[in-house]
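The values are calculated or read from the model by the stated rules, or taken from the named source; none is laboratory data. The model shown is predicted, which means the values in this text are computed figures rather than measured ones. Glycine also receives a Cβ, built like all others from the backbone with ideal geometry; neighbour counts cover every protein chain displayed. Surface accessibility is based on the protein's heavy atoms, side chains included, excluding ligands, DNA and RNA. Shrake-Rupley method; radii C 1.70, N 1.55, O 1.52, S 1.80 Å.
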Amino acid sequence: MPHHVTSLMLRPFVLKDAEIVAPWLSGPGLSLPPGNARWPERLVDDQRIVALVACSSGERMGLIRLDCGPDGVADVTMVVAPEHRRRGIGRNMFGEALLRARTLGMRRLVAYIDLENDPACAFFASVGFEDCGVSGDRIRMERVVHTGGPGAAPLDVRG
C-alpha cells in the first residue's frame, strides 16, 4: 500500500529549486523548453506565473506552475518527483493550485499533455479536466474554475 504524505506545504519556487526540479521536467512525457536555460528566472520574475514547490519535512516533492493569462485562462504544469508518485501528492498539489487559481480570478485551467503520458491524462481527468482534442503532439485538457460565491471552495468536479 502506498505511503501518503499528510503534511504537504506549497511555497513559492526559488532559484535554488531549479537544480532539484530540472530532472523531474526532463522525464518521459515532460520537457523543458529547448535552449531555454533561463526558465528558472522566468518562473521567479514573470508576474503572470505562479510557481509553487510542494515540500514535506523539508524535502521537495513536486512543482506546480500556473501561467495566468489576462483572459482568465491559466496554463497548468504539474510534476511530482518520481520517487513520490502515486501517494496523493499530486492531488493535494492540484487542490492548492485550484484554490490559488480561483483567488487570482482564473476561470479556466488548460493542461497540454504529451500524447504518450497516459498517467498524466488519467490524473487530469480524475480532477475534472476534459479532453479537448490534440494540439500538435499534445492532448489539450481543460477544466472550469468554479467560483461558488464568496469564501466558498472551488467545486471539485469529478466524472
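Structure notes:
- Selection status of R65, over 14 Å from the mean Cα position of the chain (by Cα) and modelled with pLDDT of 85 or more: no
- Counted residues, segment 38-87 - those being in contact (Cβ under 8 Å) with a residue 40 or more places away in the chain and either at positive phi or acidic (D, E) (or both): 2
- Where strands (runs of 3 or more DSSP E) fall wholly inside segment 37-121, the ranges with 1 or more residues that are open to solvent by 60 Å² or more (accessible area, probe 1.4 Å) are 59-68, 108-114.
- Candidates in segment 122-137 are the residues that are assigned to a helix (DSSP H, G or I) and aliphatic (A, V, I, L, M); of these, the one that is surrounded by the fewest Cβ atoms within 10 Å (Cβ to Cβ) is A122.
- Some residue of segment 107-114 being within 22 Å of D45 (Cβ to Cβ), touching a Phe, Trp or Tyr at 6+ places or on another chain (Cβ under 9 Å) and touching a residue at least 40 places away in the same chain (Cβ under 8 Å): no
- Any hit, segment 70-78, residues being at pLDDT 85 or above, in contact with a strand residue (DSSP E or B) (Cβ under 9 Å, 6 or more places away or on another chain) and farther than 26 Å from E116 by Cβ: yes
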